[in-house]
1. Taking amide H positions as placed in the peptide plane 1.01 Å from N, state which residues far from Leu248 in sequence (5 or more) or on other chains have amide H under 5 Å from it.
2. What are the lysines whose alpha-carbon lies under 21 Å from the alpha-carbon of Lys156, with same-chain residues fewer than 8 places away excluded?
3. Got a sec to turn the phi values of the range 82-96 into Karplus ³J(HN,Hα) couplings, 6.51 cos²θ - 1.76 cosθ + 1.60 with θ = phi - 60°, whole Hz, x for Gly and Pro?
4. Given a Förster radius of 25 Å and the C-beta distance between Tyr158 and Ala313 as r, what FRET efficiency does 1/(1 + (r/R0)^6) yield to the nearest 0.05?
5. Arrange the peptides 296-307, 40-51, 271-282, 2-13 so that the one whose residues have, on average, the most other Cβ atoms within 10 Å appears first.
6. Quick check: pseudo-label points 7 Å beyond the Cα along Cα→Cβ at Leu270 and Arg203, how many nm apart are they?
7. Per-residue HN-Hα couplings for the range 218-234, Karplus 6.51 cos²θ - 1.76 cosθ + 1.60 at θ = phi - 60°, whole Hz, x for Gly and Pro?
8. What percentage of the solvent-accessible surface of the range 1-97, computed with a 1.4 Å probe over protein heavy atoms, is contributed by carbon and sulfur atoms?
Amino acid sequence: MICPHCEKDLLQRQRPRHRCSYCRKEFALDPKVDGLGLHDVRIRKLTAKLTDEGRLTVTSGQLAYALQHRGRPPQRFRGNTSDAAGLIGLAVMAIVVAVALSGTGFSAWLVLAALALVGFGIRAWWLADVPAPDTSVSSRWTEDAFRSTVLDRWRKVYGTLPAGLVEDGLVQPGRPPADPLFAVLCPDRTVSAFLHANRYHERHRALVVTDPRAVPAGLPLVVLHDASPHGHLRVAEARAGRPGLRVLDAGLSVRTVLVNEHRYTLLRDLHRSEELLARLERELPELTGSQRTWFADGWWTPLAALPPKRLLALAERAAERITAPPAPRDPAALRTGPVRSPAAGRPETPVDTRRRALAVGFMTWPEPGPDGTAEEGRPGGPHLGKGPA
């Protein structure tokens, strides 16, 4: 690792007890002791990236998600007896060929290949009895573990957290606006703390709440949610419980995640109930088969794992949309069904359409006059120039 003070490249024996053997200064995190890849330089660079070089304030929960693996986790190898038998069979054949070609340089390479195949075969045979790996995926850090491992240790060494980073539970929500324009429902405490830390509620006169029961009646509502069954159902419940009011779905949808899974933090819940899946099918019929399968397999993506800059932009666009006046409707755009003939008051036939087009000179060409010069097309029709020969 790199010493955050003197920038020396330190081997493990050169950094005993979280102290550099060159400059003798203490650092907070050791990648071999405190977790894979965790060290001070990485935390500082990652925090600077999340805060957009100091333009944003991010929470400790967002930093923890940023250290999480993105996409589906790599599957561990698991062997079986048929693979082992095949590999050992190939090894025996290689040895037989090597004996037949003994005395040549090629036989030695065949023996080495045979030994490698035997080794892989023994490994596959041994792993055949190992239980299948647990395919559940959970967050790498609990809130308490991340606080004790990273935050408290960082405060002990440097006295304060990196610039632009605050702890979720220490963010004060501030005074709600006296006359809010809309409400934001966001049950995720990390996201609501992030919005308050960046003064979202003041700039947009928004009431940010985490409990649906705290949403005042009569206010337009923005729902920020995870790409999860509960998140999607929360939007349906809000719309059903607030008839006649605007309810804007501004959360992370499963459709967006499935377009490019490896860009998102994927977690998995193996204890998803059949009742919850039945509610999805009953209340959200617009979900496609692949989306239902993704939920049935237990996958979900937390909204707080989005890059902070993108998350704030999502909330900003939602504020603009929910406060914008509704666009005026064009009465002509609302008409449906066949076009009716103005004269007859009946559905217009293709012949009627062609007659009207000819009357205005649509798709007609100038015709030659008696003196050989081009005349205008039909009365009222556009002059399109000389037609094709």
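The values are calculated or read from the model by the stated rules, or taken from the named source; none is laboratory data. Because the structure is a prediction, the values reported are computed rather than measured. Note: ideal-geometry Cβ built from the backbone for every residue, glycine included; neighbour counts use all protein chains shown. Protein only, heavy atoms only, side chains kept; ligands, DNA and RNA dropped before computing areas. Shrake-Rupley method; radii C 1.70, N 1.55, O 1.52, S 1.80 Å.
1. Those qualifying (amide H under 5 Å, at least 5 residues apart or on another chain) are Leu221, Val222, Val223.
2. Candidates past the 8-residue exclusion: Lys25, Lys32, Lys45.
3. Per residue, the Karplus-derived 3J(HN,Hα) values read 5, 5, 4, 5, x, 5, 5, x, 5, 5, 4, 5, 5, 5, 4 Hz.
4. That pair, Tyr158 with Ala313, gives E of 0.20.
5. 296-307, 40-51, 2-13, 271-282
6. 4.3
7. Once θ is set to phi - 60°, the couplings for the range 218-234 become x, 8, x, 10, 10, 10, 9, 8, 6, 7, 8, x, 5, x, 5, 5, 5 Hz.
8. 54
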